[in-house]
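Notes for the one structure printed next.
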Amino acid sequence: MANSPHGGVLKDLHARDAPIRQQLIQESETLPDIRLTERQLCDLELIMNGGFSPLEGFMTKEDYESVVETLRLTDGALFSMPITLDVSKKQIDSLKLAPGSRVTLRDSRDESPLAILSISSIYQPNKSNEAEKVFGADDQAHPAVHYLHNSVKDFYVGGAVQAINSPEHYDYVELRYTPRELRAYFEKLSWTRVVAFQTRNPMHRAHRELTVRAARQQRANVLVHPVVGLTKPGDVDHFTRVRVYEAIIRTYPKGMAALALLPLAMRMGGPREAVWHAIIRKNFGATHFIVGRDHAGPGKNSQGKDFYGPYDAQELVTKFKDELQIEMVPFQMMSYIPDQDTYMPVDEIPKGTVTADISGTELRRRLKTGAPIPDWFSYEAVVKVLRESYPPKARQGFTILLTGYVNSGANAIAKALESQFQQQAGRSVSLLLGDTIRSELSAELGFAPEERHKNLQRLAFVAAELSRAGAAVIATPIAPYDHSRKAAKAHIVQNGGAGGGNFFLVHVATPLEHCEKTDRRGVYAKARSGEIKGFTGIDDKYDAPTDADLVVDLSKQSVSSATHAIILLLESNGLIGSA
Ligand code: PPS
């Protein structure tokens, strides 16, 4: 028998509401709609499938206040995290939301009806109080507090939900289990003691060792139960992580471990989150739960101190252990002992024993540079997955933006670079000349400031997409405005690659006089005569960059020397050359 659900009954709303599903679907068409955010979708999925038992809906004012203040629902049941549905005043007015009314909750991705909410309570939360009480401080360095103040709307609507559909998933469908399905799976395999392992990070050998050890100590099986909803901003994406988990699950002793994905939106709420995680795992049938050091910790606060103490989470779970009825297994830090080719818990290693470790920072460095990652640290199959998602610099894409006056020579440098990159195999090369972008992407735009801005942002969008796919992108717009270049850079850095896009601003600082003097096409003459208006350098400004990664000047150097300087810049950043 799997562990009993929190509160004794699994609140599987899909099963409960199956007999009236057709009626609910019909009614959902007649009701106003709320389209759910990503976080709300995750919450609703777990409310409906029983992962959040004993909840049967979003919290009312009374339950919310009770949970915030006391970690309990009004009926006394332990529940540490507020689960609320936030709406704006505008939604309340336009949808005529009021206690007693019903509203359809829809999946914002495909508009499908997921549930009907019977509103019993509409209230305005005190967000600062929620931040203080639930997350320990009203400090926006905490991702959930930041989210609360910047994304959560001003009102909460509470009430019971009736289930229509679970949100549809298209990735790793076979690894997604509801509590009911997971319980049936345990039943089928006669698993009665199950140690659940929560994770939002790639797993390596130490994690495998500590879970195997926990299972052996407890004479139990292992459930690797990673979060694939929302985790901490900046985490490894779940697509990559699941491939890692799939690789590592094969390394467990036969029949010991199973992998199931949890569509949870984490809050990084440390101790309260650990209690919540324990409740969720109990609902999924686990009997034991590994609680980490600084479990679900959000990192440092705005004063540079940890939000929570390293053992706060374990202490809070221990405090409620009688009510939780899921046994906490403290996470044991493992270290590798090279002499014995084995892992041991840090606190059991005799003094003086030589140990080896690779920190997260060191691992990221090795991935970036392509340096070897030893077998004792991870598995070849795991490293392969990570290297595919985080290719070393020498295989990452990049964007070089050459900015300068018309006829600065940026195009000549760009074409020379294109040849040089094509000479080196491995990357596709994209040349985004200013006039190509103008004719192919921005034909309807002129040269007013906002049009130049828009033109550059379109270029940045394309450059980021190409860079992320591993291309070498060379772009040559005039890009005369500092704020537009900065916006373009920000977009490319954010979207141009897994660990941050590689972007280089090269100022082709050939002086205006030189550009004008050597202009064979006569565009400057047209600008001087007024035939072309608002021309860069003549009657429109050019903000010389103060943040260029490199400055070249074709009045003083040749195309080949400018090109060479750019190649050296890339080489020194590890983007070309070795590996
Ligand atoms: S910007 O400022 O980045 O949007 O400019 P860009 O897209 O690079 O376009 C530059 C080409 O447009 C021709 N052109 C002008 N340039 C500057 N100002 C004005 N008013 C203007 N009108 C037309 C300019 O000659 C560039 O063409 P090429 O053929 O690239 O030299």
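Some values worked out for this structure:
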| item | result |
| --- | --- |
| All-pairs alpha carbon distance profile, region 315-441, 10 Å steps from 0, percent | 9, 22, 19, 18, 12, 11, 8, 1 |
| Region 191-243: Rg to Rh, with Rh as the Kirkwood radius over Cα pairs | 1.03 |
| Compactness of region 11-161 as Cα Rg over 2.2 N^0.38 Å, two decimals | 1.03 |
| Most to least packed among 203-212, 244-253 [average Cβ atoms within 10 Å] | 203-212, 244-253 |
| Reciprocal of mean inverse Cα separation for region 485-548 (Kirkwood radius, Å) | 14.1 |
| Violating pairs (Cα-Cα greater than 25 angstrom) within the set Lys454/Lys541; Lys232/Lys282; Lys454/Lys533; Lys153/Lys454; Lys300/Lys486 | Lys153/Lys454; Lys300/Lys486 |
| Accessible area of the chain belonging to carbon and sulfur atoms, whole % at 1.4 Å probe | 51 |
| MRE, 222 nm, helices only [DSSP H, n ≥ 4, -39500 (n - 2.57), over the chain, to nearest 500] | -11000 deg cm²/dmol |
| Whole-Å distance, taken between Cα centres, linking region 449-505 and region 58-103 | 43 |
| For Phe398, distant residues with modelled amide H under 5 Å away | Ala471, Ala472, Val473 |
| Estimated FRET transfer efficiency (Ala469, Glu27; beta-carbon r; R0 45 Å; 0.05) | 0.50 |
| All-pairs Cα distance distribution in region 116-275, expressed in whole percent, bin size 10 Å | 9, 29, 32, 22, 8, 0 |
| The chain - Debye-derived log10 I(q)/I(0), Cα point model, q = 0.10 Å⁻¹ | -0.97 |
| Hits among lysines - C-alpha to C-alpha of Lys368 under 20 Å, sequence gap 8 or more where chains match | Lys384, Lys393 |
| Assigned charges on the beta-carbon of Lys, Arg, Asp, Glu; the chain dipole about Cα centre (debye) | 960 |
| Per-peptide average of other Cβ atoms within 10 Å, ordering 230-243, 502-515 highest first | 502-515, 230-243 |
| Candidate aspartates and glutamates for bridging to Lys254, where Cα separation is under 15 Å - those fewer than 8 sequence places away on the same chain excluded | Glu209, Glu246 |
| Cα-based Rg and Dmax for region 1-59, where Dmax is the largest Cα-Cα distance (Å) | 13.3, 43 |
| Protection proxy ranking, peptides 86-93, 394-401, average beta carbon neighbours within 10 Å, highest first | 394-401, 86-93 |
| Per residue, in Å², the accessible surface of the chain once ligands and nucleic acids are set aside, probe 1.4 Å | 45 |
| Euclidean distance of C-alpha centroids, region 1-32 and region 358-395, integer Å | 44 |
| Residue-level accessible surface for Tyr343, protein heavy atoms, 1.4 Å, Å² | 20 |
| Per-selection Kirkwood Rh - region 391-571 (Cα, Å, 1 d.p.) | 16.4 |
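The values are calculated or read from the model by the stated rules, or taken from the named source; none is laboratory data. Being a predicted model, the structure only gives us computed values, none of them experimental. Don't worry about glycine lacking a Cβ; one is built from the backbone with ideal geometry, like all the others, and counts go over all protein chains shown. Accessible surface is based on the protein model in full, side chains and every heavy atom, while ligands, DNA and RNA are left aside. Shrake-Rupley method; radii C 1.70, N 1.55, O 1.52, S 1.80 Å.
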